[in-house]
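Read-outs throughout are calculated quantities, based only on the coordinates presented, and are distinct from any laboratory measurement. Being a predicted model, the structure only gives us computed values, none of them experimental. We place every Cβ from the backbone using ideal geometry, glycine too, and count neighbours over all the protein chains shown.
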Amino acid sequence: MVIDPTSKNLCNWRVKAEKLLTPAAFTFLTIVFFPACENTNKEIKDLAGNRLGVEQAEQVNINYTLGGKAKATLLSNLMLRVQDTMPYVEFPKKLHVDFYNDTSGVDSRLDAFYGKYFESQSRVLLKDSIRITNIKGDTLYCNELWWDRSKLKHEFYTDKPVKIRTKTQIIDGIGMESAQDFKNWVILHPVGFINIPASQFPVN
C-alpha cells in the first residue's frame, strides 16, 4: 500500500493505518506518515517478494505511549504488514528507536538494519548491525536481539555474541539482558575485557 504524502486529508492517512494494522496492534501504534521519495517499483517488488497478503507503508513514525506518556518513537523507511498464520510487521530497511523516561527525555537510542514485530507475542526481533546507546554513553553492539515489552526490567535480551563499550572498557561476551533504558545491563557470559583510557571514548 503506497500512501500519497501530498494528501491534505490526515483522516485518510489514519484510516489507511487502521487497515494496515490489526485493531489490537493499532491501539499500541499511532502512525504518522512523512513526505519522502518513493522506492522504485523494482525495490518494492523485491521487498514484498510478490507475496499475497502483504501491505506496505513508507517513511513511518510510530509512537508508543503508556498512560498518556510517550515511551518510544520508532522511525523506519519501510514497513510491511504480513498476513500469515502468525501475522507480523516487518521493517526490512533499517529502523531507529528513541526510548523516553518519565520526563520525556531520551534514555536510550536503538538502531538496527532489520526488525520483525510479532503482534500476538508483543515482541520485536532485531537483526543486523544493532547498536544501543544509553545516556551515559555505554554502547551495545550485536547482530541479534529481542525487545520484549512484557519482560519488565529485562526488555532487551539475547543469547548471541555481544560487545559493550563503556568509557573505560570494551567487554565481549555471550548473552545479555537489560532494561529498556539500557542503564543496568548484564552480560551473561563475559569472555574478554579491554581497558581503555577515557580519552579514547568516542564522542558519537
Completion exercise
Taking the alpha-carbon centre of each part, the distance from region 91-110 to region 114-171 in Å is 12 Å
Fill in the blank from the handout: The set of residues whose placed amide H lies less than 5 Å from the amide H of Glu144, leaving out same-chain residues fewer than 5 positions away, is Asp128
Handout entry: Surface/4 of the Cα convex hull for region 129-184, nm²
Key = 3.5 nm²
Problem - Under Karplus coefficients 6.51, -1.76 and 1.60, residue-wise ³J(HN,Hα) of region 58-68 in Hz, glycine/proline x - result: 10, 6, 9, 10, 10, 10, 10, 10, 9, x, x
Exercise for the section: Do me a favour and compute the ellipsoid semi-axes for region 85-130 from its Cα gyration tensor, root of five times each eigenvalue, largest one first, whole Å. Expected result: 22, 15, 7
Practice task
Quick one: which residues, 5+ away or cross-chain, put their amide H under 5 Å from the amide H of Ala72? H built at 1.01 Å from N.
Solution key: Tyr64, Tyr100
Exercise for the section: Neighbouring Cβ atoms within 10 Å as the yardstick, rank Ile196, Ile171 fewest first. Expected result: Ile196, Ile171
Problem - Computed log₁₀ I(q)/I(0) - Debye formula, equal Cα scatterers, no solvent, region 105-155, q 0.18, 0.31 Å⁻¹ - result: -0.61, -1.18
Completion exercise
For region 51-120, the percent of all C-alpha pairs falling in each 10 Å bin, from 0 up to the bin holding the max distance, is 19, 45, 29, 6, 0
Problem - Fewest-first ranking of Tyr141, Tyr100, using other Cβ atoms within 10 Å as the exposure measure - result: Tyr141, Tyr100
Completion exercise
About its Cα centre, region 124-173 carries a charge dipole, from +1 on Lys and Arg Cβ atoms and -1 on Asp and Glu Cβ atoms, whose size in debye to the nearest 20 is 200 debye
Exercise for the section: Tabulate in residue order the Karplus-calculated ³J(HN,Hα) for region 182-193, using 6.51 cos²θ - 1.76 cosθ + 1.60 with θ = phi - 60°, rounded to whole Hz; enter x for Gly and Pro. Expected result: 6, 8, 10, 9, 9, 8, 6, 9, x, 10, x, 10
Practice task
Give me D for region 71-204 in µm² s⁻¹, whole number, from Stokes-Einstein with Rh from the Kirkwood sum over alpha-carbon pairs, 4 °C and 1.567 mPa s.
Solution key: 84 µm²/s
Exercise for the section: Arrange the following residues from fewest to most other Cβ atoms within 10 Å of their Cβ: Phe91, Phe118. Expected result: Phe118, Phe91
Practice task
Determine ³J(HN,Hα), in whole Hz, for all residues of region 123-129 in sequence, where each value follows from phi through the Karplus function 6.51 cos²θ - 1.76 cosθ + 1.60 and θ = phi - 60°; x replaces Gly and Pro.
Solution key: 9, 10, 9, 10, 9, 6, 6
